[in-house]
Amino acid sequence: MAGELTHLDEQGRARMVNVGAKPISHRICIARGEVRMAASTLSRIVEGRVAKGDVLATARIAGIQAAKRAGDWIPLAHPMPIDSVTVELEPAEDGERLLIEARVEAHWRTGVEMEALVAASAAGLTVYDMCKAVDREMVVDRVRLVAKRGGKSGEFVRGDEEPVDL
């Protein structure tokens with residue numbers, strides 16, 4: 001049934017869903033987020049003038065590592081073998097946001113939504129951590145599922161996003 005809360009048993013208690021009987025299929029998920037900041041902070045990031053080092057490279061690695069460990073971050077998520085993770089970060093045209101896109105692929109019995117969302121979140125949090133000394137008003141914002149493909153529920157593409165290539 002669509003919308004059924006499968007992480008709850010008949011008594012309403014949390015449980016990890018048994019996916020053992022589900023077929024393995026190719027799963028793809030894209031999540032996005034952003035970090036809002038002062039224009040001067042974004043300039044420092046782009047120009048490589050942040051004292052802690054290369055913000056973009058570090059955030060990319062943090063996102064990749066986080067996707068691989070989503071089962072540790074999210075209590076009822078399944079650990080899974082991931083085929084690939086990419087995390088892209090680019091300045092927005094408005095000069096006050098760093099846009100983040102995480103793409104995760106796996107051949108497995110359950111989706112990779114949490115892996116992509118955790119990757120985007122960790123990348124954003126890493127940007128905050130590395131730049132907080134110069135801009136404490138940064139906001140990690142709008143972390144969301146953009147698109148997914150695979151499994152019983154098929155394909156989903158968020159209607160208010162730029163097109164994505166699944």
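Any read-out appearing in this document is the output of simple, stated calculations on the displayed coordinates, not a laboratory observation. Because the structure is a prediction, the values reported are computed rather than measured. FYI the Cβ positions are ideal-geometry reconstructions off the backbone, even for glycines, and counts take in every protein chain you see.
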Which of the GluC sites (Glu not before Pro) found in region 1-75 are loop residues per DSSP with 14 or fewer other Cβ atoms within 10 Å of their Cβ? 4, 10
Pick out which of 20, 111, 33 has the largest mean-square fluctuation in a Gaussian network model of the chain, springs linking Cα atoms closer than 10 Å. 20
Can you sort 104, 118 so the residue with the fewest Cβ neighbours within 10 Å comes first? 118, 104
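Using only Cα atoms, figure out Rg for the chain and give it as a multiple of 2.2 N^0.38 Å. Provide the component values of the computation, followed by the final result.
Working: Rg = 17.3 Å, N = 166, 2.2 N^0.38 = 15.3 Å.
It is 1.12.
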Where Lys and Arg each count +1 and Asp and Glu each count -1, what net charge lies around residue 115 among other residues with Cβ under 13 Å from its Cβ? +1
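Do any trypsin sites (Lys or Arg not before Pro) in region 54-86 lie in a DSSP loop with no more than 11 other beta carbon atoms within 10 Å, and if so, which?
Counting only loop positions with at most 11 other Cβ atoms within 10 Å, none of the trypsin sites (Lys or Arg not before Pro) in region 54-86 qualifies.
Could you please report the charge total around residue 143, scoring K, R as +1 and D, E as -1 over all other residues with beta-carbon less than 10 angstrom from its beta-carbon? Can you show the working numbers first?
Values: positive: 32, 142, 144; negative: 34, 141.
Result for the local shell: +1.
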Backbone N within region 103-134 under 13 Å of label point (7 Å from residue 161 Cα along the Cβ vector): 103-105, 112-121
Expected unfolding gain across residue 92-residue 8 under the 0.36 nm per residue rule, minus the alpha-carbon gap, is 26.3 nm
For region 25-155, the dipole about the Cα centre with charges only on Cβ (Lys and Arg +1, Asp and Glu -1), to the nearest 20 debye, works out at 380 debye
Taking Cα centroids, how far is region 33-51 from region 94-166 in Å? 19 Å
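Can you tally the lysine pairs in the chain where the Cα-Cα distance is under 30 Å and the two residues are eight or more apart, or on different chains? It would help to have the intermediate numbers written out before the result.
Working: 22/68; 22/148; 22/152; 52/68; 52/132; 68/132; 68/148; 68/152.
Summing the qualifying lysine pairs gives 8.
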Per DSSP, loop GluC sites (Glu not before Pro) in region 73-166 with at most 12 further Cβ within 10 Å: 93, 137, 155
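Is it possible to state the helix-based mean residue ellipticity at 222 nm for the chain, with each DSSP H run of 4+ residues giving -39500 (n - 2.57), the sum divided by total residues, to the nearest 500 deg cm²/dmol? What is it?
Details: 4 runs with 46 residues, N = 166.
Counting only the DSSP helices, I get -8500 deg cm²/dmol.
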Relative contact order for the chain, counting Cα pairs under 8 Å that sit 6 or more residues apart, in percent: 34 percent
